[in-house]
Each structure stands twice: as C-alpha cells, then as structure tokens.
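A quick write-up on the structure given underneath.
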Amino acid sequence: MRELFKKIHLWLSLPLGLIISVICLSGAVLVFEKEITRAMQRESDTVTMQSGEMRQRPKSLPFFQTVRKVHRWLLDPPAAKGEKSVGKVIVGVTTMAMVVVLVSGLVIWIPRSRKALKARLSVSVTKGWKRFLYDSHVSIGFYCTLLLLLMALTGLTWSFGWYREAAYALTGDMEPQAAKRLFFSLHTGSWGGIVTKILYFIAALAGGLLPLSGYWLWWKRRKSSGKKLPAQSQSTSKV
C-alpha cells in the first residue's frame, strides 16, 4: 500500500508540480495584500462624508490584481463571473490533485519506528545538500500539510460550482454570503489575525518550494540509477 501511495505522489507531482508552485507562491504573495495596500494608500483611504470621515476599503493595487489572476486563473480569467476558462479549470483540477498529493505524502511520511519519527521531524544540516533537501521536503511538508490542505479544500469553492454548493451545505443554515466570508477567511488565514496570516504565508511559501525540491530529489535519484545501469548491464553481459 505504501508503494502505491509513493507512485500516486510521484505521478501527480511530476506533471503538476510547477503549477502547484505557481498557485502556492502567488497565494503567499496575496496573504498580506490588505496590509500592504493600506500602507501604500494611507493618504487616500478615507472619504469625507457629511457626518464626518468614513474609512473606505482601499482599492487593490495593479500588482496584486495581476497576482490574483495568476493565482486563480493562470492569467486566463473567465469572460464573466461564474463562467469557466481554461486557466480556471487547470487551477481547480491541480488543486484537487494537490489534495491527493498532500494526503499521499502524509501516508508516505508515517514512520515505522520511534527512531524514524525523530528523523522525519528534523532537518540534518551536517550530511550534505541532498540529505538537507530530502529532510526539508519530508519534515517541512509534514508541518505544513494541515494548513495547505485547508487552503486547498477551501480554495476549491472558487473553482467548481458543485463543490461550492456541497461545501456551503456543510455550514448548515448559514447564509451564502456568510458562508463565503467564512471560507474566504479560512482560505486566506484572516480568521486568526496577524498570527494565522504569518503561518499561512510560511505554509504557502513552503508549498511552492516543496515541488521544486521534489523535482531535484527525483532528478538526483534518476541520475544515480542511470549511473548504476551500465555496471549492471556489463555484469549481465559477462554472464
């Protein structure tokens, strides 16, 4: 069973890893959009009313608008709200695959002994770059799995109508707009203030780097296997 999950983890990560990186890294950029925008528009975020001054939601900066288009649609937004586009579908399918990658990675991570548990939870910095990257991929992936799963599962409500209806149904009698705000806060980390936003930023950043370290480890493994093949072939030919 473990070998099956390894294959699932690998064969989903290889074709979709770069897209997962783009989605996660762009998401990390968007975590502090509100704070950065307010800081940059501090002088223009109020409007004078007859009854005094009223704070107005700052307009999104062009930079963040572009990052959001990357994050949600890979720069291919739908023609109208609620419609599909190739980019929107790719992001949605990749996010579903990301859920499977995370769950399979968690199954692969489960250690078989106490000694293995200690190794899975730590990162060695004295045994070379390959070991460092491997430990980082394994342990950081574990630490970030819960938040990445939460981001992925809530993010799917913006990709597929059928998923959104099913997810909102889990909130019971909550109004759709209230459910949307709830899922938005769970997706962006705003539900817990600055602390959860920092944790979300770290998790999203790690989520963007994990596929890259996975590619490197896979390439090194294939390279090592390729070096062994000639020797095996030679010994076989002698026989």
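Details
- Every residue from segment 76-91 that is open to solvent by less than 60 Å² (accessible area, probe 1.4 Å), of a type in the set (A, V, I, L, M) and outside any helix (DSSP H, G or I): 80
- Scanning segment 92-147 for residues that are in a loop (DSSP other than H, G, I, E, B) and small (Gly, Ala, Ser) yields 113, 122, 124, 128.
- Segment 94-138: number of residues that are open to solvent by less than 90 Å² (accessible area, probe 1.4 Å) and either in contact (Cβ under 8 Å) with a residue 12 or more places away in the chain or under 21 Å from residue 219 (Cα atoms) (or both): 30
- Residue within segment 148-168 that is out of contact with any Asp or Glu (no Cβ under 6 Å at 6 or more places or on another chain), open to solvent by 30 Å² or more (accessible area, probe 1.4 Å) and more than 29 Å from residue 85 (Cβ to Cβ) present: no
The values are calculated or read from the model by the stated rules, or taken from the named source; none is laboratory data. As the structure is a computational prediction, the values presented were derived from the model and not from experiment. As a convention, Cβ positions derive from the backbone with ideal geometry for all residues, glycine included, and neighbour counts pool all protein chains shown. Side chains are part of the model used for accessible areas, which takes the heavy atoms of the whole protein and leaves out ligands, DNA and RNA. Shrake-Rupley method; radii C 1.70, N 1.55, O 1.52, S 1.80 Å.
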